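Below you'll find the structure, written out as structure tokens, and then a few comments.
The values are calculated or read from the model by the stated rules, or taken from the named source; none is laboratory data. Remember, it's a predicted structure, so these values are computed and weren't measured experimentally. All Cβ positions, even for glycine, are placed from backbone atoms using ideal geometry, and neighbour counts span all protein chains on display. These accessible areas exclude ligands, DNA and RNA; they are computed on the full protein's heavy atoms, side chains included. Shrake-Rupley method; radii C 1.70, N 1.55, O 1.52, S 1.80 Å.
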Amino acid sequence: MTHEARLDLLGQVAVNVGLGLRPGQELVLTAPLDAVPLVRRITEHAYKAGASLVTTLLSDDQAALARYQHAPTEAFDYAPAWLFKGMAEAYSGGAARLAIGGDNPALLADQDPDKVSRANRARSVAYRPALELITNFDINWSIVSYATPAWAALMFPDLSAEAAVAKLWDAIFAASRIDRDDPVAAWAEHNAALHARTTHLNAKRYDALHFTGPGTDLRVGLSEGHLWLGGAERAKNGIVCNPNIPSEEVFTTPHLAHVDGLVRSTKPLSYGGTLIQDIAVRFQDGRIVDATASAGQSVLHKVLDTDDGARRLGEVALVPNSSPISASGLLFYNTLYDENAASHIAIGQAYRTCLEGGTTASDEELARRGANTSLIHIDWMIGSGQVDVDGVRTDGSREPVMRAGEWV
Ligand code: ZN
Ligand code: ZN
């Protein structure tokens, strides 16, 4: 198959599997400038599916860097709230949302960390209302990726620019199931397998998960009325969408106050252009009380100081070590890919959808049940072929869930 044919299939999968776009529905698309060829494929498929209007917002790495080099220092606490309000208005009016990822993960690596964290914080605050409509599944939404030259160069520094991009495309097409005979049928089968896992785990009603492995002995209490999710979701507008392409995880909400013990990261975490390696943290009563890293430790500490919820967990996810993304052996420096290569935890904001009745419960009710609140949500990998997971019942008895990184 030619590259153009595979790109067209990715566009089809994004619109029909990722979004499940409905006739008459509006679409808001965001993408890096390099991804225009995919933007055009998606836009065509969206109109063929009956989209009323497709609006694309492009981002440009060079323009983003120009801000750090030339904008006044005092301007980094500002974010375009007007733009995010407009997005929220579009979603409230029924528009679907598609993001094309692939931005250079190291773009801001050499910029002033104080400016980066202030800009991130201002953006998080301004974006929150629109983001909540997305994460609470008021609308159908999805994320797919584009192999940009900058991202490919970071992953394959020893290859020529052309070879690096080709290799990253192969990995993206494989992980997105574009290389199967019938990608849409392959996604239906994959969703059925993920749903079988969530049904099984939801019936177990575990009180906690216990992770053990090299440097890890961590008990993750689960929130009251936690729900396991994974794969396709039915949004509140009734449309079934696949929010992440690819996706290999099943995930739920930990209890913000019942996480104890030690845990060590099993893959580097790429955050804001910095690589944070060999993270080792100690939890006490749900809170990170000690955190070290062999590289990027100051960035890690800055992140943990964002707010009180930044030191507590908002997600725990199980991914088998044999997942196709893990089997690729690649480090993508991109959460959408790397989090689907290993079991992981996320510090920060919990997902309301991962709690029974969570999307309609009050903030106080959710906090009482153990759901965490924060401006951040950062996933980092704690699973590997050497990590075991037990399910712990309320009576303290336990059973194996994963052994040597695989489902039991
Ligand atoms: Zn996750
Ligand atoms: Zn996450």
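The A192 and D77 beta-carbon pair, evaluated with R₀ = 45 Å, returns a calculated FRET efficiency of approximately 0.45. Oblate is the label for the range 3-175, because a/c, from the alpha-carbon gyration tensor with a ≥ b ≥ c as root eigenvalues, is 1.5 or above and a/b does not exceed b/c. Judged by the gyration tensor of its Cα atoms, with axes a ≥ b ≥ c, the chain is rounded; a/c sits under the 1.5 cut. Separation of the range 288-351 from the range 1-36 is 28 Å, based on Cα centroids.
Ligands, DNA and RNA excluded, the heavy atoms of T30 present near 30 Å² of accessible surface to a 1.4 Å solvent probe. Can you give me the relative contact order of the chain as a percent, contacts being Cα pairs under 8 Å and 6 or more apart? RCO, the chain: 15 percent. Here K48 is the anchor, and the lysines within straight C-alpha reach of less than 29 Å, apart from those fewer than 8 places off in the same chain, are K85, K236. Between Y47 and D285, the distance separating the two model label sites (each 7 Å from Cα on the Cα→Cβ line) works out to 6.0 nm.
Descending by average beta-carbon neighbour count within 10 Å, the peptides 313-321, 222-230, 108-116 line up as 313-321, 222-230, 108-116, the highest first. The lysines whose alpha-carbon is closer than 25 Å to the alpha-carbon of K167, local same-chain residues fewer than 8 away aside, are K267. Applying 1/(1 + (r/R0)^6) with R0 = 25 Å to the Cβ-Cβ distance of Y68 and Q277 gives a FRET efficiency near 0.55.
Taking 19 Å as the cut-off, the amide N atoms of the range 54-72 that come nearer than this to a point 7 Å along the Cα-to-beta-carbon line of R40 belong to 54-60.
Summed over qualifying helices (DSSP H, 4 residues or more, each -39500 (n - 2.57)) and divided by its residue number, the chain shows a 222 nm mean residue ellipticity of -10000 deg cm²/dmol. When V144, V240, V165 are compared by accessible surface with a 1.4 Å probe, the order from highest to lowest is V240, V165, V144. Rounded to the nearest Hz, the phi-derived 3J(HN,Hα) couplings of the range 368-382 under the Karplus curve 6.51 cos²θ - 1.76 cosθ + 1.60 (θ = phi - 60°) are 4, 7, x, 7, 7, 10, 6, 6, 10, 8, 10, 8, 9, 7, 10, where x marks glycine and proline.
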